[in-house]
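Working notes, beginning with the structure itself.
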Amino acid sequence: MYSDNIRETSDYLEDSDLLGDDIIVSLLNFLDTNLPEFPEKISIKKNTNEEIINQKLLRFFETKNQLFLFVPENRDETGKDKRKPDFGIYEKIEVYNDNQIRFFDIECKRLYHTNRSKQYVSERDGGGGIQRFKENKHGVDLPYSAMIGYVEIEDFSFWQNKVNSWILDKKEHLEILEIRKIAKLKSTHRKITKKTIELTHFWLKMNFRDN
C-alpha cells in the first residue's frame, strides 16, 4: 500500500489536493528524501552532458526504490504526443499489465548559463521544459508532474528570480517552498487544454570535478 510508504508529509503538501492521491504523495516524498543525496554520490566533470547526468540519476533512482518504475525518454503511449519527457513514472508491479499508464512525468534541465538556461521555461523550437507541459506535450493529460534543475552556477534565489523573469504570467511564477540541501519550488500552469498542471521543482546544487 502506498499509504504505508508515505512518510510524514512536508508542510507544502498539507493544503494540497495531492493528499487525495497516495501514489503521487509517495513519489514526491521519495524524491524529497533521496534527491539531496544524489549530487554527493556522483562524480562528473564540468559541462557534463545533461543526458549523462540523467542516466546517472536513473541508476540512482533504481537503487533507492521498490515502488516506482522510471522509464527514460518515455513516449506517451496514447499517441496524443510524440514528445518524450526525461522520465515517465509508472507503478512498479509484479505482473505485466498492458493497460497500465504512467501517472507522472519528470523533465530535467541544466541551470548553467543565463541565456542557454531559458530552455527551462521555453525555447523557439518548442524545447522549453515548462512550455512543453503547458502545451500538453509533457505530462499529457496529467494534473501533476515535476522538473529537476541541475544548478551549476549561482544560488537557488538567483535562479528563482531568473526563471520567473522568463515567465510572463506572474500567476505562474515559481514559489519557493523550502530550501535545504536542495530547493523545492512549486508552480501552476494553464495548459492549452484549459486544464491546469501543478509542477513541483527540485533544484540540485551540482558538484563538479575539474578533470
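Since every read-out is calculated from the coordinates, none of them should be taken as a lab result. Note that the coordinates shown come from a computational prediction; the quantities given were computed from them, not determined experimentally. Counting neighbours? That spans all protein chains shown, and the Cβs are built from the backbone with ideal geometry, glycine included.
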Exercise. May I have the pair-distance distribution P(r) for the range 89-211, computed from all Cα-Cα distances with 10 Å bins from 0 and rounded to whole percent?
Key: 12, 43, 30, 12, 3
Quiz item: On full extension of the chain, what length is gained from Thr114 through Asn164, given 0.36 nm per residue of separation minus the C-alpha to C-alpha distance?
Solution: 16.8 nm
Quiz item: Pulled fully out, how much extra length does the chain show between Ile192 and Tyr96, if you take 0.36 nm times their separation in residues and subtract their Cα-Cα distance?
Solution: 31.3 nm
Exercise. Pull out a ≥ b ≥ c, the square roots of the eigenvalues of the alpha-carbon gyration tensor of the range 2-209, then state rounded if a/c is under 1.5, prolate if not and a/b is larger than b/c, and oblate in the remaining case.
Key: rounded
Quiz prompt | Listed residues Asn115, Ser157, Ile179: farthest to the positive end of the dipole of the range 45-179 (Cβ charges) | solution = Asn115
Self-check item: Prolate/oblate/rounded label for the range 21-80 (Cα gyration tensor, a/c 1.5)
Solution: oblate
Quiz item: Ordered by packing density, taken as the mean number of other Cβ atoms within 10 Å over each peptide's residues, highest first, how do 141-147, 32-38 rank?
Solution: 141-147, 32-38
